[in-house]
Amino acid sequence: MSRFRNALPQLGEGRFLTDAGLETDLIFNRNIPIREFAAHTLLGAPEGRAALEIYFNGFLQLARAMDAGFVLDAVTWKAQRCWADDLGASIADLRDANRQAVAFAAGLRERADNPRPVVLGALVGPRGDAYRPETRITANQARDYFDEQLGWLAETEVDMVTGLTFNQAAEAVGFVRAAQGQGLPAVVSFTVETDGALPDGQFLAEAIGQVDDETGAGAAYFMVNCAHPDHFSPVLTAEAWAKRIRGVRANASRRSHAELDEASDLDAGDPDEFGQLHGLLGQRLPHLKVWGACCGADLRHVTRIAEAVFERPQTH
């Protein structure tokens, strides 16, 4: 049974952490290969499950130490139909992968022993490349497509779903509509480029406005991901649209997406500077409540973020 599906605690005044660049951390820092960049494939072997447990437990322990809640996302980002051929998986396999991933994350939550809320989420990736739209997807097409995976997830104990690394507003509209139909709180996290706009050139403010207009403000909130803070901080203003953004998952690197795609090494940037930039962002935008990171970042980076953003203890 879900705990927070009817009332997400991160919509209140508490503070929350989430994890970082799982795939890049495991592949580059821990020498653990991930087939097709699909982290759910690790669940099929004891060593893969152990690697995931070690990874997530580091962040869960950090959240407890910082007196913060945590958004714990199941590794379901690529456990969807469009990747079936690449993964050599049947639709039944993918459905089982979603269930297993949520059950694995739920077990981690049970053992976390955090007095603050640990929200159980599930990640849903876009239909195609996260860095650039391969084809234009209409809202109706996206709703029909995502309804399958969200239907599987609705049968589990997840509290919420996050459309992570989405790069088209229409696709995000369809995702939110599908989540509404399944009774799941939905978060949309947009990929942005070095200019703070979506990969198709749409301004972030326009994309958020479009999703809200076409779903009746159906998303629980929005996030920004897959860009360095220097890339998106300038466009996050004090205007009303920006207050719909309640979390960030930034890249550690200042490289563009094209440069990252071509790179053979991991650019982890400067964790100390990374934390300081988030501290400044938190001072300027107090409505940001969920703090994590994305490609190239690991526990070091999120630790520095937490130290910079959470300057004062919470009151119980």
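The values are calculated or read from the model by the stated rules, or taken from the named source; none is laboratory data. Bear in mind the structure is a predicted one, so any value in this text is a computation, not a measurement. Here the Cβ positions follow ideal geometry from the backbone for every residue, glycine too, while neighbour counts run over all protein chains shown.
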Do we have A63 as among the hydrophobic types (A, V, I, L, M, F, W, C) and either in contact with a His (Cβ under 9 Å, 6 or more places away or on another chain) or crowded, with 23+ Cβ neighbours inside 10 Å (or both) here?
yes
Of the residues in the range 69-108, those that are under 18 Å from G14 (Cα atoms) and without any contact (Cβ under 8 Å) to a residue 60 or more places away in the chain come to F70, L72
Matching residues, the range 15-52, being loosely packed, with under 15 Cβ neighbours inside 10 Å and within 19 Å of the chain's Cα centre (by Cα):
E36
Index of the failed condition, G128 passing every other in (1) within 23 Å of P46 (Cβ to Cβ); (2) surrounded by fewer than 18 Cβ atoms within 10 Å (Cβ to Cβ); (3) not charged (D, E, K, R):
(1)
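Would a scan of the range 271-279 turn up a residue that is buried (at least 16 other Cβ atoms within 10 Å of the Cβ) and either among the β-branched types (V, I, T) or in a loop (DSSP other than H, G, I, E, B) (or both)? If you could, list the steps in order and put the result at the bottom.
Going through the range 271-279, the residues buried (at least 16 other Cβ atoms within 10 Å of the Cβ) turn out to be 271, 274-279.
Okay, now just the ones that are also either among the β-branched types (V, I, T) or in a loop (DSSP other than H, G, I, E, B) (or both), so none.
No.
Every residue, every condition in (1) assigned to a loop (DSSP other than H, G, I, E, B); (2) among the charged types (D, E, K, R); (3) out of contact with any His (no Cβ under 9 Å at 6 or more places or on another chain); (4) in contact (Cβ under 8 Å) with a residue 40 or more places away in the chain, yes or no:
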{"position": "R3", "(1), (2), (3), (4)": "yes, yes, yes, yes"}
{"position": "T41", "(1), (2), (3), (4)": "no, no, yes, yes"}
{"position": "G48", "(1), (2), (3), (4)": "no, no, yes, no"}
{"position": "D67", "(1), (2), (3), (4)": "yes, yes, no, yes"}
Conditions (1) assigned to a helix (DSSP H, G or I); (2) at positive phi: number failed by E110:
(2)
Quick count over the range 115-147, residues being of a type in the set (D, E, K, R), modelled with pLDDT of 95 or more and farther than 30 Å from N57 by Cα, is 3
For the range 246-265, indicate whether the set of residues that are assigned to a loop (DSSP other than H, G, I, E, B), among the hydroxyl-bearing types (S, T, Y), more than 23 Å from E307 (Cα to Cα) and free of Cβ contacts under 8 Å to residues at least 12 places away in the same chain is non-empty.
yes
Hits in the range 210-236 (condition: buried (at least 18 other Cβ atoms within 10 Å of the Cβ) and more than 17 Å from F175 (Cβ to Cβ))
A227, H228, P229, H231, F232, S233, L236
Answer residue from the range 131-160, given it is touching a Leu at 6+ places or on another chain (Cβ under 7 Å) and assigned to a loop (DSSP other than H, G, I, E, B) and is surrounded by the fewest Cβ atoms within 10 Å (Cβ to Cβ) among those
E157
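Return the residue satisfying two criteria in turn: it lies in the range 181-209 and is among the polar types (S, T, N, Q) and surrounded by fewer than 23 Cβ atoms within 10 Å (Cβ to Cβ), and of such residues it is farthest from A220 (Cα to Cα).
At the first step, the residues of the range 181-209 found to be among the polar types (S, T, N, Q) are 182, 189, 191, 194, 202.
Applying the additional criterion that residues be surrounded by fewer than 23 Cβ atoms within 10 Å (Cβ to Cβ) yields 182, 194, 202.
Numbers: Q182: 14, T194: 26, Q202: 21 Å.
Ranking the candidates gives T194 first.
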Show the residue pairs that are 6+ apart or on different chains and have beta-carbon atoms under 7 Å apart, the first residue being within the range 163-182 and charged (D, E, K, R), the second being buried (at least 24 other Cβ atoms within 10 Å of the Cβ) and part of a helix (DSSP H, G or I).
E171/A142
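Which of the residues spanning the range 257-282 are out of contact with any strand residue (DSSP E or B) (no Cβ under 9 Å at 6 or more places or on another chain) and modelled with pLDDT of 95 or more?
Within the range 257-282, D270, P271, D272, E273, G275, Q276, G279, L280 meet the criteria.
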As an exercise: evaluate C82 against (1) touching a Phe, Trp or Tyr at 6+ places or on another chain (Cβ under 9 Å); (2) surrounded by fewer than 18 Cβ atoms within 10 Å (Cβ to Cβ); (3) farther than 19 Å from R35 by Cα and give the number of the one condition it does not meet.
(3)
I'm told A74 meets every condition in (1) aliphatic (A, V, I, L, M); (2) out of contact with any Gly (no Cβ under 9 Å at 6 or more places or on another chain); (3) closer than 23 Å to W152 by Cα except one. Can you identify the failing condition by its number?
(2)
Restricting to the range 199-220, count the residues that are under 20 Å from G292 (Cα atoms), touching a helix residue (DSSP H, G or I) at 6+ places or on another chain (Cβ under 6 Å) and either among the polar types (S, T, N, Q) or not in a helix (DSSP H, G or I) (or both).
1
